[in-house]
Amino acid sequence: MAKEKWSPSRKEIEGILDIENKREIFLVGHVIIERMLEKILEEKFDIPLQVSDEAIFMWSQKMLILEKSGKVQGRLLSNLRAINRIRRGYAHYLNPDEGVIQDRIKSLGYLGHVPKHGLGGLEKYRACVIATFDELVKLL
């Protein structure tokens, strides 16, 4: 019998994202968001878990389905792309260009409540991953 896939909750991800290691937070943030994309594909498109678990069913394919269906657009789509690019920088390079990473973090949108004081770096990334998660939950 297949093991049930993790289904993150808002409270859980707030704790999980309380990380100060850059590489780790960017990889963990990406996993959280990718799991939500998979959950939307399962629930809204009847794509079985076994398909989304296949290594050849990549982030870009999941995004293509959600984007072309009209489910994901605007600032949410921009955040998803930025989160993936940030993760890719850390997953594929030992020493990613920090200037590029910071620019991608700056491009992330809060998608709702904007803090009174602008956040930067990991704090902004954390807040925007949570906001992106919240928007994806609304699609379920």
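In the list [x] 43, 34, 29; [y] 49, 28, 26; [z] 60, 33, 26, the label attached to Cα extents along the principal axes in Å as derived from the coordinates here is [x]. Counting only aspartates and glutamates at least 8 places from K44 when in the same chain, those with an alpha carbon closer than 19 Å to its own are E4, E34, D53, E54, E67, D134, E135. In sequence order, segment 125-139 has phi-based couplings of 4, 4, 4, 6, 5, 5, 5, 5, 4, 4, 5, 5, 4, 5, 7 Hz under the Karplus curve 6.51 cos²θ - 1.76 cosθ + 1.60, θ = phi - 60°, and Gly or Pro positions carry x.
Under 22 Å between alpha carbons, and skipping anything fewer than 8 positions from K39 in its own chain: which lysines qualify? Reachable lysines: K3, K5, K11, K62, K68, K71, K138.
Sort out the exposed loop trypsin sites (Lys or Arg not before Pro) in the chain (DSSP loop, at most 10 other Cβ within 10 Å) and tell me the longest stretch that has none. Between exposed loop sites, the widest span is 4-115.
Per-residue ellipticity at 222 nm from helix content only, as computed over the chain with -39500 (n - 2.57) for each DSSP H run of at least four residues, stands at -21000 deg cm²/dmol.
Bridging of K106 to lysines at a Cα separation below 19 Å is possible for K22, K116, K124, once same-chain residues fewer than 8 apart are set aside.
Given Cα pairs under 8 Å that are at least 6 residues apart, what percent is the relative contact order of the chain? Present the calculation step by step, with values, prior to reporting the outcome.
Values: 114 pairs, mean separation 44.6, N = 140.
Relative CO of the chain lands at 32 percent.
Bear in mind that the values in this text are calculations on the coordinates, not laboratory data. Predicted model, so just to flag it, every value in this text is computed and none were measured. Quick reminder, even Gly has a Cβ in these numbers, built from the backbone with ideal geometry, and neighbours come from all protein chains shown.
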